[in-house]
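Undergrad: Mind looking over this structure? Questions follow.
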Amino acid sequence: MSPRRYLAALGVAAIMGFALVWAWIAAMPMAYLDPEYPAWRAKLELLRRCDLGDVLVVGDSRAAVDVMPALLPVRATNLAVGGGEAIEAYAALSRALACPVPPRRVVISVDAAHFTQPDLFWERSVRFGFLGVADLGELGQIARQTGDASFAAPQLSDGLPAALRARLYAWRFPPLFFNSLMRGGVGLRWWRNRETYAAVLEARGQYFFGKDAGSSTVAVEGHMRAFRPLPVLDRYFDRMLALLAARGIQADFIAMPMNRTTREAVRPAVRDSFSRYLAGYAERYPGFHVLGPVMPDWPDRYFGDAFSHLNPPGAARLSAGFGRCLRARLAGNAAIDCVTGDLVD
Amino acid sequence: MLFNSYIFVGVFLPLAFAGFCLAGRIGPRAAAGWLLAASLAFYGWWNPGFLLLLLASIAVNYTIAGLILRAGARPRLRDALLTAGIAGNLGALAWYKYLAAVLGFLRLHGIADVAFADPILPLGISFFTFTQLGYLLDCRHGALRDRHSLLHYALFVAFFPHLIAGPILHHRELIPQFERRAWRVDPQDIAVGSTIFLIGLLKKTLLADPISAPVAPGFAHPELLSLFPAWRVALSYSLQLYFDFSGYSDMAIGLARLFGLRFPVNFNAPYRSESVIEYWQRWHMTLTRWLMLYLYNPLALGITRRRAARGLGTGIEARRTLRGFIEMIAVPTVITIGLAGVWHGSALTFAAFGLLHAAYLCVNHAWRLWRPGPPSAARRARVGRVLLTYGCVLAGSVLFRAADLSGAMQLLAGMLGLHGVAVALPDARAATWGALDTLWLAGLYALVWFAPTTQQIMRAHAPALGRVIAGPFPRLQWQPTLGWAVVLGCAAVLGLLSIGGTGEFLYFQF
């Protein structure tokens, strides 16, 4: 074979191989993506169906784990996601509010750290398709307005410009998914991911991380030196509240509990700044209420991992109390602690 | 810019190659000029500021080389110029690489307290400095009569495939290729070059990177490693280093070949060596050659001449005496290999690595001089020698990678079982050592010890400068056939797809 023909054959083989891999990656994400993907996919499916109920929960992973809609007295949906911040919450809300029957009440729960630093934005929110190219275009604009590029243009190891990376994720460009493909044994995660997907749909968005019988590890708040919200997250939080206010939907901020060890490690200045920050928004938006303490704590035995995610007994306990609170809120009675469900004097 | 990055594979290389094709039609100077411009862009991509350093280094060394050659029969002036050149090069190297560490050491021991911010290390400074030092030394010692053109000299120093992590080239092997070539693109060169590049890319992305998972957590907490985890960490690092660096060298050789140029071989199955002397002839061969040519040989020659002047013996019998051995073998070996260790960095671990290998080499030389008979050719004896050599190299690689001497000792203690016996690594990311990990390690050792090397696979097509001995499995020799095209086409897909999750080459830090 002449070198020219050899090179042509090599090129054709490479293009065909690449096309095959790309087709698999684009069509079968459930077959190889990591085990959190089906939970996100289930939430997107609930949104697509507009099957949301009266109460919508948005926020971070603690909210995703701790609030079990199946145990609540009203029909609710948990759209909180791992590493979720105001950007993801805004995206979920804006889609939910486009549904023919929007939720009557929205519960927002984001811990203090998720106002101050990016978490799994590109690795989860974008990669899993929760945020699309349009969302990222909007983010780019807000980043320019606020001068905060911490989400829109971080220096990631792939060296890609953010706009291009957003499109490559949207197109499921194979190199960005290849690690998962290998780790997932090309298609070996299919069955387990399908099970998870069905379970999360059944649980109306709730899913667990750690299920240990207790954790005394200090979570992220215990390591924070100060509470300084990122401008871009602050802007998104404001947009979210403005959107809800414009639609006349009541919004409650309910902080999820952290373990007692973390609570003891939290600097008072961090807690006070976080509290003041939320109080400022409560003053600005009459339909927005901060219910209960901004950093509640529970005994360590209720936590399933190092990130202060509740374990199943903890989540059941919280959801029972949360259910009593919700019923009271929907009935116009505000005197219930939403984390414990106890009456407030 | 990394060879295994989208920007390199998808943008830089196609542009550089297309420009080279067009420039080649204009003429050799245009082609060389284009390659130089592309190489400078490649270097400046990471930090444009350091482009000035590279250009200044080229300009100063080229000027000094010219002055040395013009000094003709005035040896004192030539020596003065050479000394100035060496001082300038080593001064720059010391400033960026060693000064902060030395001052930190002095501060730590209360000897001197001079404030000095650790500067960012320019990529490849050790490589382009040594390349140019070799050129200056050759000018001084008459190996060069006329200075090459500035364009060819600059391209010799800055040609992007070898610029930041070698191989360390000698002007005699590259510049004549610039001068002779018609600078036309040859499909045969593209086929051979792209195949070598692909093999290197696969070594990096599919072999070196996946095996690295336990390395960082293991070396971060060596005191927690018991027997099996300590071995796993050390073995994984040893394999990672080999596949990473030899993969990089393959990629460099393949890239050069795309442009019709041949580089020297840099790795020749070093872990199959039957002695540490042989190991150094097979590992980072162009560094060893540089050290032999410009450091060891002049030292050994100087010592031999001094002994001869004093009426002392210089032959094999003289080497068999203790004094003769120390003077003629041990001293040049310890200085050369000790400096080879320090060349890698300012940490004490690198000095210890160099001294350990110097000790190995001295023992090896002594054994050759005093052993009772020739080495056995029996298979079992050869396997024993390979394993003994590899064990020595493995201990050295622990020193090479450890953050400090105490960490290295801790890991070696773990390998000796002094931290007990357990299977789990201290970091959850590294998980436990399962059957798959064992199989994977075994597979990699099978490649290292039994598979043909890249050069052996490509042997029929003169892949690099120098002779390549035939390897095992002759049927694995590459030929431009449909089967190879399909296999390498699929391998190209794997290599390119792996780019998203890979990291920097280990040798960039040197």
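Undergrad: Right, A:LEU79: of a type outside the set (D, E, K, R), more than 12 Å from chain B (Cβ to nearest Cβ), closer than 17 Å to A:ARG105 by Cα and out of contact with any Pro (no Cβ under 9 Å at 6 or more places or on another chain) or not? Talk me through it step by step, then tell me what you get.
TA: On the way: of a type outside the set (D, E, K, R): yes; more than 12 Å from chain B (Cβ to nearest Cβ): yes; closer than 17 Å to A:ARG105 by Cα: yes; out of contact with any Pro (no Cβ under 9 Å at 6 or more places or on another chain): yes.
Spelling it out, A:LEU79 is indeed of a type outside the set (D, E, K, R), more than 12 Å from chain B (Cβ to nearest Cβ), closer than 17 Å to A:ARG105 by Cα and out of contact with any Pro (no Cβ under 9 Å at 6 or more places or on another chain).
Undergrad: Of the residues A:ALA8, A:ALA13, only one is assigned to a helix (DSSP H, G or I), without any contact (Cβ under 8 Å) to a residue 12 or more places away in the chain, surrounded by fewer than 15 Cβ atoms within 10 Å (Cβ to Cβ) and within 14 Å of chain B (Cβ to nearest Cβ); which?
TA: The unique qualifying residue is A:ALA8.
Undergrad: Looking at B:MET292, B:MET251, which is the one that is surrounded by fewer than 24 Cβ atoms within 10 Å (Cβ to Cβ) and part of a helix (DSSP H, G or I)?
TA: B:MET292
Undergrad: Then there's this: What number of residues in region A:172-202 are away from chain B (no Cβ under 14 Å) and either surrounded by fewer than 18 Cβ atoms within 10 Å (Cβ to Cβ) or aromatic (Phe, Trp, Tyr) (or both)?
TA: Looking only at that region, the number is 10.
Undergrad: Starting from region B:1-14, take each residue that is within 10 Å of chain A (Cβ to nearest Cβ) and list its partners that are of a type in the set (S, T, N, Q) and crowded, with 18+ Cβ neighbours inside 10 Å, counting only C-beta distances under 9 angstrom and pairs at least six apart or across chains.
TA: Close Cβ pairs satisfying both conditions: B:LEU2/B:THR502; B:SER5/B:THR502.
Undergrad: Separate question: Restricting the search to region B:186-213, which residues are more than 20 Å from B:ILE499 (Cα to Cα) and buried (at least 18 other Cβ atoms within 10 Å of the Cβ)? Give the steps one after another, and end with the answer.
TA: Taking region B:186-213 and keeping what is more than 20 Å from B:ILE499 (Cα to Cα), we get B:186-192.
Answer for region B:186-213, where residues must be more than 20 Å from B:ILE499 (Cα to Cα) and buried (at least 18 other Cβ atoms within 10 Å of the Cβ): B:ASP189, B:ILE190, B:ALA191, B:VAL192.
Undergrad: Determine whether B:THR286 is in contact with a strand residue (DSSP E or B) (Cβ under 9 Å, 6 or more places away or on another chain) and β-branched (Val, Ile, Thr).
TA: yes
Undergrad: Inspect all residues belonging to region A:78-98 and state whether any of them is among the β-branched types (Val, Ile, Thr), farther than 30 Å from A:VAL186 by Cα and more than 10 Å from the chain's Cα centre (by Cα).
TA: no
Undergrad: The conditions are (1) modelled with pLDDT of 90 or more; (2) within 14 Å of chain A (Cβ to nearest Cβ), and B:THR454 fails exactly one of them. Which is it?
TA: Evaluating B:THR454 over (1) modelled with pLDDT of 90 or more; (2) within 14 Å of chain A (Cβ to nearest Cβ) leaves (2) as the failure.
Undergrad: Follow-up question, since we're still on this one. Out of the residues in region A:16-56 that are among the charged types (D, E, K, R) and assigned to a loop (DSSP other than H, G, I, E, B), state the one that is surrounded by the fewest Cβ atoms within 10 Å (Cβ to Cβ). Before the answer, list the steps.
TA: Let us first name the residues in region A:16-56 that are among the charged types (D, E, K, R), namely A:34, A:36, A:41, A:43, A:45, A:48-49, A:51, A:54.
Right, trim to assigned to a loop (DSSP other than H, G, I, E, B) and you get A:34, A:36, A:51, A:54.
Values: A:ASP34: 16, A:GLU36: 21, A:ASP51: 14, A:ASP54: 16.
Ranking the qualifying residues of region A:16-56, first place goes to A:ASP51.
Undergrad: Right, here's the next one. When only residues in region B:366-386 that are farther than 24 Å from B:ALA340 by Cβ and among the aliphatic types (A, V, I, L, M) count, which is modelled with the lowest pLDDT? Quick ask: steps written out before the conclusion?
TA: Keep residues of region B:366-386 that are farther than 24 Å from B:ALA340 by Cβ, which gives B:370-384.
With among the aliphatic types (A, V, I, L, M) added as a condition, the list becomes B:377-378, B:381, B:383.
Details: B:ALA377: 84, B:ALA378: 89, B:ALA381: 92, B:VAL383: 94.
Only one residue tops the list, namely B:ALA377.
Undergrad: Being out of contact with any Pro (no Cβ under 8 Å at 6 or more places or on another chain), loosely packed, with under 15 Cβ neighbours inside 10 Å and in a loop (DSSP other than H, G, I, E, B) is the filter here, so list the residues in region B:449-477 that pass it.
TA: Those that are out of contact with any Pro (no Cβ under 8 Å at 6 or more places or on another chain), loosely packed, with under 15 Cβ neighbours inside 10 Å and in a loop (DSSP other than H, G, I, E, B): B:ALA462, B:ARG467, B:ILE469, B:ALA470.
Undergrad: Taking B:ILE175, is it in a helix (DSSP H, G or I) and not assigned by TED's automatic domain parsing to the domain that holds B:GLY124? Write out each step before concluding.
TA: Numbers: in a helix (DSSP H, G or I): yes; not assigned by TED's automatic domain parsing to the domain that holds B:GLY124: no.
Against the criterion (in a helix (DSSP H, G or I) and not assigned by TED's automatic domain parsing to the domain that holds B:GLY124), B:ILE175 does not qualify.
Undergrad: Could you say which residue among A:ASP212, A:ASP238 is within 14 Å of another protein chain (Cβ to nearest Cβ) and surrounded by fewer than 16 Cβ atoms within 10 Å (Cβ to Cβ)?
TA: A:ASP212
Undergrad: Being away from chain A (no Cβ under 14 Å), in contact with a Gly (Cβ under 7 Å, 6 or more places away or on another chain), more than 14 Å from B:ALA191 (Cα to Cα) and at pLDDT below 90 is the requirement here; does B:PHE510 meet it? Let's see the steps before the verdict.
TA: Numbers: away from chain A (no Cβ under 14 Å): yes; in contact with a Gly (Cβ under 7 Å, 6 or more places away or on another chain): yes; more than 14 Å from B:ALA191 (Cα to Cα): yes; at pLDDT below 90: yes.
The answer is yes for B:PHE510.
Undergrad: Let me ask something additional. As an exercise: evaluate A:ARG263 against (1) assigned to a helix (DSSP H, G or I); (2) modelled with pLDDT under 95; (3) surrounded by fewer than 17 Cβ atoms within 10 Å (Cβ to Cβ) and give the number of the one condition it does not meet.
TA: With (1) assigned to a helix (DSSP H, G or I); (2) modelled with pLDDT under 95; (3) surrounded by fewer than 17 Cβ atoms within 10 Å (Cβ to Cβ) applied to A:ARG263, the lone miss is (3).
Undergrad: For B:ALA92, only one of the following conditions fails: (1) closer than 30 Å to B:LEU15 by Cβ; (2) surrounded by 16 or more Cβ atoms within 10 Å (Cβ to Cβ); (3) within 23 Å of the chain's Cα centre (by Cα). What is its number?
TA: If we test B:ALA92 against (1) closer than 30 Å to B:LEU15 by Cβ; (2) surrounded by 16 or more Cβ atoms within 10 Å (Cβ to Cβ); (3) within 23 Å of the chain's Cα centre (by Cα), just (1) comes out false.
Undergrad: Would you call B:ALA381 crowded, with 19+ Cβ neighbours inside 10 Å and either of a type in the set (A, V, I, L, M) or assigned by TED's automatic domain parsing to the domain that holds B:ILE125 (or both)?
TA: no
Undergrad: Yes or no: B:ILE190 on the phi < 0 side of the Ramachandran plot, more than 13 Å from every other protein chain (Cβ to nearest Cβ) and among the β-branched types (Val, Ile, Thr)? Walk me through how you get there before you give the answer.
TA: Details: on the phi < 0 side of the Ramachandran plot: yes; more than 13 Å from every other protein chain (Cβ to nearest Cβ): no; among the β-branched types (Val, Ile, Thr): yes.
Answer is no for this residue.
Undergrad: Within region A:83-117, take every residue that is surrounded by fewer than 18 Cβ atoms within 10 Å (Cβ to Cβ) and in contact with an Asp or Glu (Cβ under 8 Å, 6 or more places away or on another chain) and give me the one that is nearest to A:LEU291 (Cα to Cα).
TA: The qualifying residue nearest to A:LEU291 (Cα to Cα) is A:ARG104.
Undergrad: Continuing with the same structure: Can you say whether B:GLY489 is of a type outside the set (Phe, Trp, Tyr), over 30 Å from B:ALA230 (Cα atoms), within 14 Å of another protein chain (Cβ to nearest Cβ) and exposed (fewer than 14 other Cβ atoms within 10 Å of the Cβ), as far as the supplied structure shows? Please lay out each step first, then the result.
TA: Working: of a type outside the set (Phe, Trp, Tyr): yes; over 30 Å from B:ALA230 (Cα atoms): yes; within 14 Å of another protein chain (Cβ to nearest Cβ): yes; exposed (fewer than 14 other Cβ atoms within 10 Å of the Cβ): no.
So B:GLY489 does not fit the description; no.
Undergrad: Further, regarding this structure: Considering only region B:170-187, how many residues are of a type outside the set (A, V, I, L, M) and within 14 Å of chain A (Cβ to nearest Cβ)?
TA: Of the residues in region B:170-187, 3 are of a type outside the set (A, V, I, L, M) and within 14 Å of chain A (Cβ to nearest Cβ).
Undergrad: Could you name every one of the helices (runs of 4 or more DSSP H) located completely within region A:87-203 that has at least 2 residues being hydroxyl-bearing (Ser, Thr, Tyr)? Even if it seems obvious, please write down each step before you answer.
TA: Numbers: elements: A:133-146, A:162-170, A:178-183, A:190-202.
By residue number, A:190-202.
Undergrad: Is region B:410-429 home to any residue that is part of a loop (DSSP other than H, G, I, E, B), closer than 30 Å to B:SER346 by Cα and modelled with pLDDT of 90 or more?
TA: Yes: region B:410-429 contains one or more residues that are part of a loop (DSSP other than H, G, I, E, B), closer than 30 Å to B:SER346 by Cα and modelled with pLDDT of 90 or more.
Undergrad: I'm trying to understand the selection: among the residues of region A:219-274, which are among the polar types (S, T, N, Q) and either under 21 Å from the mean Cα position of the chain (by Cα) or on the phi > 0 side of the Ramachandran plot (or both)?
TA: Within region A:219-274, A:GLN250, A:ASN259 qualify.
Undergrad: Every residue in region A:16-36 that is small (Gly, Ala, Ser) and more than 13 Å from chain B (Cβ to nearest Cβ), please.
TA: A:ALA26, A:ALA27, A:ALA31
The values are calculated or read from the model by the stated rules, or taken from the named source; none is laboratory data. Source: prediction; values computed, not measured. Glycine also receives a Cβ, built like all others from the backbone with ideal geometry; neighbour counts cover every protein chain displayed.
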